[in-house]
1. I want the local charge near LEU138. Using Cβ-Cβ distances under 12 Å, sum +1 for each Lys or Arg and -1 for each Asp or Glu among the other residues.
2. Out of residues 5 or more away from VAL68 or on other chains, whose amide H comes under 5 Å of its own, with H placed 1.01 Å from N in the peptide plane?
3. So how much slack lies between LYS143 and ALA57, counting 0.36 nm per residue of separation and subtracting their Cα-Cα distance, in nm?
4. Where Lys and Arg each count +1 and Asp and Glu each count -1, what net charge lies around LEU77 among other residues with Cβ under 14 Å from its Cβ?
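Derivation of every value follows stated rules applied to the coordinates shown; laboratory data play no part. These figures come from a predicted structure and were not determined experimentally. Cβ atoms come from the backbone with ideal geometry, glycine included; neighbour counts cover every protein chain shown.
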Amino acid sequence: MARLSGTRIEPSVEAVAVANRELKLRTVVQFVKVHHLAQEWRVLLYLTVDYPVPASATNAWKYANGDVSTLPYSYTLATIPTLLRDGADSVMSTYYVIPSTPKTPHPTLPIYFPNMAMYLQSALEDSRKAMNDSSSGLRKLAKSVDAYCGNEREIIGVDEGPEKRSFGGVFKKVMGRGNKQSRGNRGGNEEVFELVTPFVPEEWG
């Protein structure tokens with residue numbers, strides 16, 4: 001994702017035509033087991049435009065309290081994707097709805113892939129900082145990354161501890177770019193994330 005600097009996520013023409021506001025991106029991260037007997041998990045991203053919650057909506061409060069297990073209100077306006085229908089936690093999958101925080105607000109669309117990658121990394125850092133906070137669900141993302149992706153060398157690295165696990169490693173695995181030998185043939189500046197401008201809330205929020 002960080003390598004695709006010319007690719008961006010943008011709202012549909014229809015969404016832009018009817019909106020009279022900045023369009024924000026809502027992101028759901030899902031970890032899915034490939035088979036009930038397998039140990040391998042996949043990471044899926046679901047992206048939607050943030051939709052204002054009408055005051056008349058049923059249980060409107062639950063869409064505005066930062067609950068990481070409640071899908072955004074926009075999911076009530078269309079058919080929920082099949083893999084999300086089993087709920088936030090099941091035997092085969094778990095998902096995390098990235099909340100807006102002071103450090104990591106919802107991005108404004110359009111957003112280029114490198115900045116999206118840094119947004120995801122910032123969300124993971126928020127989650128790691130909340131690892132000892134059992135009163136909120138923020139730590140769920142970090143715990144999921146460690147549980148379902150933490151035993152992969154492509155993600156951790158031979159000499160790296162849990163604090164080094166990141167979405168960078170997750171995407172290298174998903175995109176088939178976690179091979180150490182292939183990285184060694186690229187010369188200097190191998191880690192693209194070192195070259196990407198950090199996520200800045202004032203710029204993208």
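1. Values: positive: LYS103, ARG128, LYS129, ARG139, LYS140, LYS143; negative: ASP67, GLU125, ASP126, ASP133.
Overall, the nearby charge balance is +2.
2. GLY137
3. Numbers: separation 86, 0.36 × 86 = 30.96 nm, distance 3.21 nm.
Between LYS143 and ALA57, full extension yields 27.7 nm more.
4. Values: positive: ARG26; negative: GLU14, ASP50.
For residues surrounding LEU77, the net value is -1.
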